[in-house]
Each structure stands twice: as C-alpha cells, then as structure tokens.
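The values are calculated or read from the model by the stated rules, or taken from the named source; none is laboratory data. Not measured: the values here are computed from a predicted model. Cβ placement follows ideal geometry from the backbone for every residue including glycine, while neighbour counts extend to all protein chains displayed. Accessible surface is based on the protein model in full, side chains and every heavy atom, while ligands, DNA and RNA are left aside. Shrake-Rupley method; radii C 1.70, N 1.55, O 1.52, S 1.80 Å.
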Amino acid sequence: MKHLPNLLTLANLLCGCIAIAYILSAQPYLIMSLQNGGLPSWQWVYGAEQMYIGSIFIAIAAICDMLDGMAARALRVFSPIGKDLDSLADVVSFGVAPSVIIFKLLWDAQMAEKNAFDVSMIGMVPAFLIACFAALRLAKYNITATEQKSYFIGMPVPAVGIFVGSFPLIMWFCSGKVHHFFASCLQNKWVLYLIIGILCWLMVSGVKFIKMIPAKWNITNSWPHLVLVIAGGILIPLLSYAAIPIEFALYVLLSFIYKQPGTIANNDSQ
C-alpha cells in the first residue's frame, strides 16, 4: 500500500503521455467539394476527435493527481522522490499536453488564413511556453512548498491543464451561442497568443491561489469554494463543457479578491 501514491502519480504521467499521442495524431486535412457549376472547392478540415479523446485523458490525469495526494496523506507516506515524481508527471500532463493542444489550435488558425501554405512553424512555437512556465512554476513549488500550506503561490499547473484541456471538448460538442462564441475565439491566433501570455504569467506570479480543499470548513475559509460549487451547479447543466473556462475565470477572480488566512496546515498535491 505504501507504493499506492507513486503508482497513482505514474498513472497521471501515463495518461498525460497518452493524451499527447492522441492530440498529436489530430491533423488538418483537405477535402474537395463541388460548387454550383461543378467547380472544385478545397477546404481545411480539422481532425478534432483525437484531441477530444486527449482531453479525456488529461481529465483522468487530473483525477490521478488528486488521488495520489489523498492517498499519501491517508497512508502517511511522504518522500522527496514522491514530490519530485509528482512534479515531473504534472509537467507532462498539465504542461506539455496543453501546449500540444494550443499548438494544434494555432496550426488550425493558421490554416484558415489566405497564406496558409506559407505559414512558418515559428508561429506555433509560443504554445510550448506553457510547458516551460509550468516546469518553472513546479520547480519553484518544490523549494517553497512549506510556504504554501493554505494556498498556492502562482496558478497551480493542474488548473491550467484542465482549462486548456476543455478547448477540444468545447469545439467538438459545439452547440448554442456560448459554445460557438468560445469555438470562434479558439480559432483566432491572437486570442490564443493572449491566452498563452496570461497563463504563463499566472503560473509564475505571486498571486495566492485558492486550494480546492479548504483548511477549515467554516464560512470564513470556505466561502470561495461554496461560490465555485454553486456556480458550477448552475453553469454545467446550462453550458456543458463551456462552463469550464467560466469556472476557471471565476477561480482566478476569487483568488485575487480572497484574503488568505495566515498559516494553516494543509498540504495539497500540486
């Protein structure tokens, strides 16, 4: 049983690798249709189903990441190896995998432009800044974990992974005005560049982000969690996967306005 936390961490890593494989297998391709008069018309079509499956594996990785911390606390098993292994798994599942999603979305956006065949790969490279800043954020966390008992300093990397992982789900299950709005935004390269910049800044910022499990279950400490739960209960039935980025934005907003308590002994998995 003492190896259960590390096994769950390895499951997190495995799911991240599988997610990357599925996302990379999604390729834009050309189809020909005949216009009125029989003239051929070529259109780029994006193979999004593989990305959708990749998003599911990112979600499974997030569950494993949550469970490994719970298992370590329940079994009272803590080790430097477990902490470093957890960070390495998180870099892959919530850093590299989201970067590949953004890379594919940037590729899709570039393919929709008139000069699609002249697009340089350099335009997609900024996507991998998410992986770089995720690694930097986790390295900082490993040496400052004792200062982050009741909150995270900087955006937790799994939150970034879940946020970006929702993009293919929104695009695949696109129905309704809200879904179409998000989908159209995700097909704009400048919106994607902005998302990259904001996420990278949030991960290495000094902002104190709320932990998902409050240190004490009272209204003073847990009202932001209550707001997130109520908002999720309202938004998810109405918006389905489009509720995820809204919940993410609400999480960021609450973290900015919530006054963190001093020092509380609660060490969540990062």
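Residue count for the range 69-103 under the criterion of being of a type outside the set (Gly, Ala, Ser) and at pLDDT 90 or above: the result is 13. Only residues that are open to solvent by less than 20 Å² (accessible area, probe 1.4 Å) and either modelled with pLDDT of 85 or more or of a type in the set (S, T, N, Q) (or both) were counted in the range 19-61, giving 6.
Among the residues that make up the range 172-191, is at least one of them crowded, with 22+ Cβ neighbours inside 10 Å, aliphatic (A, V, I, L, M) and at pLDDT 90 or above? No, the range 172-191 contains no residue that is crowded, with 22+ Cβ neighbours inside 10 Å, aliphatic (A, V, I, L, M) and at pLDDT 90 or above. Among the residues of the range 85-95, just one is open to solvent by 10 Å² or more (accessible area, probe 1.4 Å) and either under 10 Å from Val164 (Cβ atoms) or touching a Gly at 6+ places or on another chain (Cβ under 7 Å) (or both), namely Val92. Scanning the range 207-252 for residues that are at pLDDT below 85 and over 27 Å from Lys140 (Cβ atoms) turns up Trp217, Asn218, Ile219, Thr220. Across the range 152-166, the qualifying residues are those that are touching a Leu at 6+ places or on another chain (Cβ under 8 Å) and either free of Cβ contacts under 8 Å to residues at least 24 places away in the same chain or within 15 Å of Ala62 (Cβ to Cβ) (or both), and the one among them that is most open to solvent (accessible area, probe 1.4 Å) is Phe163. Checking each residue in the range 170-186 for being touching a residue at least 60 places away in the same chain (Cβ under 8 Å) and out of contact with any Phe, Trp or Tyr (no Cβ under 9 Å at 6 or more places or on another chain) picks out Gly176, Val178. For the condition β-branched (Val, Ile, Thr), open to solvent by 10 Å² or more (accessible area, probe 1.4 Å) and assigned to a loop (DSSP other than H, G, I, E, B), Ile195 does not qualify. Cβ-Cβ distances below 7 Å connect the following pairs, each with a first residue in the range 60-80 that is closer than 10 Å to Thr9 by Cβ, a second residue that is open to solvent by 50 Å² or more (accessible area, probe 1.4 Å) and at pLDDT below 85, and a separation of six or more residues or different chains: Ala72/Phe78. Considering the conditions (1) small (Gly, Ala, Ser); (2) open to solvent by 40 Å² or more (accessible area, probe 1.4 Å); (3) closer than 22 Å to Ile53 by Cα; (4) touching a residue at least 24 places away in the same chain (Cβ under 8 Å), Ala127 is excluded by exactly one of them, (2).
Suppose we filter Phe209, Phe248 for residues that are surrounded by 14 or more Cβ atoms within 10 Å (Cβ to Cβ), of a type outside the set (A, V, I, L, M) and not in a helix (DSSP H, G or I); which single one remains? Selected residue: Phe209, the only one of Phe209, Phe248 that is surrounded by 14 or more Cβ atoms within 10 Å (Cβ to Cβ), of a type outside the set (A, V, I, L, M) and not in a helix (DSSP H, G or I).
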